[in-house]
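Enquirer: Sharing a structure here in structure tokens format.
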Amino acid sequence: MKLAQGLALGTCFLTLVLIGLGAFVRASGSGLGCGPDWPTCSGGGVIPPDTYHAIVESSHRYTASVVGVLTILTAIATWKWYRHSRVAMWAAGISIPLVAFQAILGMITVKHELAPAVVASHLIVAMVFMSTMLAVWVAMYLEDPERGQRLRSVVTAPTRRPGLASAVAIVWLTGVMWIGAYMAESGASTACKGWPLCNGSVTPDSSQHEVVHMVHRYIAGLFIFFVVAVAYYSWKHREELFWAAPVAVAVSILYVLQVMVGAFNVWYTFPDWLSVSHTVIAACVWLTLSAAILFNYYSPAAERKASLVAGTARPPREAQHV
């Protein structure tokens, strides 16, 4: 059981690393470091040429391959130890075609020579996949016999408002991240000099790049209202929900950091490490919101839920046959 939990959490964490690597590939201009070839690199097989951009691009591909293998292993472990959890089984099952679809998107990204819309979609699918792996881990964590009390607190949660606020926030964040990735790949990142104004104005001119850049800023700024709602409802119910206080603190700090890093990116003309940090922090916000949704809405099997509410939890189906 612990091995299965480690696999799920490890795959989720490695996906976060992979997202950071993808951001570095884009920021360093290495997206076509292997040319338009996929899965080979510059027509030379899986071993990249001894050039900087080829090595950077290949490191992303290698890491993605490891994530794919870990996804399959996690699904096998889920079937072996957590068949009693429908959430774990469904999430693990969905993760396999999802990681395959992400690989196909990666191929399309290269073949279409980094089309901004495809790059942005590639990022969002990575986020969804990360949430799926987190769902597998949350189900395993809560269904672990050692954590019956925490499962009971989830089942008897007095409110679903933190989860609902997080769900609405993550929908908005999808738009923020998609447009942000589109902006970065389309060359619109440097269209606005200065922050928070764009070339001395609150509104963009007729330039498409300025419009894209400022739309990203506008919706990222409005995201604060969603963050405040998540933080407020989570903090309000921190006594009843064991996960609520960390979510409230994390989402607040991460949003402030994200705004600051966004401003520094503009002021210092998007150095690689700041560009990568901007994407990784956004991914952490996404992960935090996903955790709030999963913990607030997780529900075990109906008969187990009934027994937990009654305070007489039964062991998982597999455990009954040991």
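The values are calculated or read from the model by the stated rules, or taken from the named source; none is laboratory data. Please read all numbers here as calculations on a predicted model, not as lab measurements. Using ideal geometry, Cβ is built from the backbone for each residue, glycine included, and neighbour counts are taken over all protein chains shown.
Enquirer: Considering 3, 7, which residue is buried (at least 21 other Cβ atoms within 10 Å of the Cβ) and not charged (D, E, K, R)?
Expert: 7
Enquirer: Given the condition touching a residue at least 60 places away in the same chain (Cβ under 8 Å), over 30 Å from residue 85 (Cβ atoms) and among the β-branched types (Val, Ile, Thr), answer yes or no: does some residue in segment 257-271 qualify?
Expert: Yes, segment 257-271 contains a residue that is touching a residue at least 60 places away in the same chain (Cβ under 8 Å), over 30 Å from residue 85 (Cβ atoms) and among the β-branched types (Val, Ile, Thr).
Enquirer: Taking only pairs six or more apart or across chains, which ones have beta-carbon atoms under 6 Å, a first residue in segment 54-67 that is under 14 Å from residue 16 (Cβ atoms) and hydroxyl-bearing (Ser, Thr, Tyr), and a second residue that is at pLDDT 95 or above and in a helix (DSSP H, G or I)?
Expert: 63/18; 63/21
Enquirer: Right, something else. Looking at segment 190-207, is at least one residue assigned to a helix (DSSP H, G or I), modelled with pLDDT under 95 and either crowded, with 21+ Cβ neighbours inside 10 Å or not small (Gly, Ala, Ser) (or both)?
Expert: no
Enquirer: If you go through segment 157-164 one residue at a time, do you hit one that is of a type in the set (S, T, N, Q), more than 29 Å from residue 84 (Cα to Cα) and surrounded by fewer than 19 Cβ atoms within 10 Å (Cβ to Cβ)?
Expert: No, every residue in segment 157-164 fails to be of a type in the set (S, T, N, Q), more than 29 Å from residue 84 (Cα to Cα) and surrounded by fewer than 19 Cβ atoms within 10 Å (Cβ to Cβ).
Enquirer: Go through (1) buried (at least 21 other Cβ atoms within 10 Å of the Cβ); (2) charged (D, E, K, R); (3) under 23 Å from residue 289 (Cα atoms) one by one and return the number of the condition residue 57 breaks.
Expert: (3)
Enquirer: I'd like the full set of residues that are in contact with an Asp or Glu (Cβ under 8 Å, 6 or more places away or on another chain) and of a type outside the set (S, T, N, Q), limited to segment 9-45.
Expert: 24, 25, 26, 27, 31, 32, 33, 34, 36, 41, 43 - these are the residues of segment 9-45 that are in contact with an Asp or Glu (Cβ under 8 Å, 6 or more places away or on another chain) and of a type outside the set (S, T, N, Q).
Enquirer: Also, quick follow-up: Could you tell me whether any residue of segment 8-31 is β-branched (Val, Ile, Thr), farther than 20 Å from residue 279 by Cβ and not assigned by TED's automatic domain parsing to the domain that holds residue 177?
Expert: no
Enquirer: Report yes if residue 107 is over 16 Å from the mean Cα position of the chain (by Cα) and surrounded by fewer than 23 Cβ atoms within 10 Å (Cβ to Cβ), otherwise no.
Expert: Yes: the conditions hold for residue 107.
Enquirer: Is one or more of the residues making up segment 57-72 closer than 24 Å to residue 272 by Cα and in contact with a Cys (Cβ under 7 Å, 6 or more places away or on another chain)?
Expert: There is at least one residue in segment 57-72 that is closer than 24 Å to residue 272 by Cα and in contact with a Cys (Cβ under 7 Å, 6 or more places away or on another chain).
Enquirer: Here is a follow-up. Give me a count of the residues in segment 115-138 that are of a type outside the set (Phe, Trp, Tyr) and closer than 13 Å to residue 89 by Cα.
Expert: Counting residues in segment 115-138 that are of a type outside the set (Phe, Trp, Tyr) and closer than 13 Å to residue 89 by Cα gives 6.
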